[in-house]
Amino acid sequence: MSSELTKVVALSGGIGGAKLALGLYRILPSDSLTVIANTGDDFEHFGLSISPDLDTLLYTLSGKDNQELGWGRRGETWTFMAAIAALGGESWFRLGDGDLATHVERTRRLRAGEPLSSIIDDFRRNFGIAASLLPMSNDPVRTKVQTADGPLEFQDYFVRQRCAPVVTALRFAGAETALPSPEVLTILGDPRVGIVVICPSNPFISIDPILAVPGIRTALRDCPAPVVAVSPIIGGKAVKGPTAKMMAELGLPVGAAAVARHYSDLIDLYIADEEDACSLGELPMPVIFTRTLMQSIEDREQLARDVINAAARVRR
Ligand code: FO1
């Protein structure tokens, strides 16, 4: 990116997206990254306001993430959950003792009337994160999973039922009246933004809720910077999570090409894995192929470099 284009914006859900967000965070000058996070997975549990994708990003960008689980905190203890289970309480959604502090403190401040974006900005500063981390909205937007047996709350589908139910549709309750959180439209209109990256999160449950918030899709279309999406599918399989299963159940061909088409009205460039180089066929946008599997820190940084370099070749 040329020198005056000093800002990068990334749209991300949880685990997969957070890996590329970390790669971008590590290769870019410290305060040049803004991550817009999905809040459609958020829910109330034990009376606590839980924001899984924001928390995964907070922990990942600050090196506090639990690398075995992919969510929650490193070195976690589970005394609270064991005590809940002993009381016969709900233990399907596991809350570690350190993670619990995040939910308790967020809930306290939300109840005191503080907007989520302000709380998260304070948390990321306290965690020493120099990137901006923005919830897509301060208003509640909740992903509802429609199945053959009726609607499910997102975490009930994703965690309690382990993504087993057949998905017939997804709905983002509250999106129609939600406002983008204050800094979201500002950063998407900032002329210093050199690229907007759609991270390799699940397009349907992590990126679509962000795009469903009124004003965000339009801001992306009007954004002077190129918008680049990274495929979350490699060789017809999702790296992690239910993306491939969901695509089949939603009647989409399972593959990186279908994801590119899903974003076709928004993106200037698609980055897919080299494994798919011979199978993508004709797409309505330029495609480059690279290694998109991120197993190590070096992989995260290399993919981030590939994305930044590729964007420099694309002009809106
Ligand atoms: N995912 C699970 O599969 N099992 C859990 O018990 C679980 C607990 C949990 C607690 C806090 C948190 O921030 C995330 C947690 N997740 C758990 C992951 C979560 O369901 C997903 O990160 C997102 O909702 C999808 O990206």
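The values are calculated or read from the model by the stated rules, or taken from the named source; none is laboratory data. Being a predicted model, the structure only gives us computed values, none of them experimental. Methodologically, a virtual Cβ is constructed for each residue, glycine included, from the backbone with ideal geometry; neighbour enumeration extends over all protein chains shown. Heads up: the accessible areas ignore ligands, DNA and RNA and are worked out on the full protein's heavy atoms, side chains in. Shrake-Rupley method; radii C 1.70, N 1.55, O 1.52, S 1.80 Å.
Data overview
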| item | result |
| --- | --- |
| Residue in the stretch 252-285 that is surrounded by the fewest Cβ atoms within 10 Å (Cβ to Cβ), counting only those that are closer than 21 Å to LEU220 by Cα and among the acidic types (Asp, Glu) | ASP265 |
| Failed item, numbered, when THR39 is tested on (1) over 30 Å from LEU179 (Cβ atoms); (2) in a loop (DSSP other than H, G, I, E, B); (3) more than 9 Å from the ligand (Cβ to nearest atom); (4) in contact with a helix residue (DSSP H, G or I) (Cβ under 7 Å, 6 or more places away or on another chain) | (1) |
| Any chance TRP78 is in contact (Cβ under 8 Å) with a residue 40 or more places away in the chain, in contact with a helix residue (DSSP H, G or I) (Cβ under 9 Å, 6 or more places away or on another chain) and either acidic (Asp, Glu) or within 14 Å of the ligand (Cβ to nearest atom) (or both) | no |
| Conditions (1) closer than 28 Å to LYS240 by Cα; (2) within 15 Å of the ligand (Cβ to nearest atom); (3) open to solvent by less than 10 Å² (accessible area, probe 1.4 Å): number failed by GLU44 | (3) |
| Qualifying residues in the stretch 65-75 (those that are touching a helix residue (DSSP H, G or I) at 6+ places or on another chain (Cβ under 6 Å) and open to solvent by 50 Å² or more (accessible area, probe 1.4 Å)) - the one farthest from GLY16 (Cα to Cα) | ARG73 |
| Contacts under 6 angstrom Cβ, first residue in the stretch 95-117 being over 20 Å from THR77 (Cβ atoms) and of a type in the set (Phe, Trp, Tyr), partner outside any helix (DSSP H, G or I) and within 16 Å of the ligand (Cβ to nearest atom), 6 or more apart | none |
| Any hit, the stretch 131-142, residues being part of a helix (DSSP H, G or I) and either closer than 19 Å to GLU44 by Cβ or not polar (S, T, N, Q) (or both) | no |
| Yes/no for ILE120 being outside any loop (DSSP other than H, G, I, E, B) and surrounded by 21 or more Cβ atoms within 10 Å (Cβ to Cβ) | yes |
| Checking VAL239 against (1) β-branched (Val, Ile, Thr); (2) in contact with a strand residue (DSSP E or B) (Cβ under 6 Å, 6 or more places away or on another chain); (3) under 20 Å from LEU22 (Cβ atoms), the condition it does not meet | (2) |
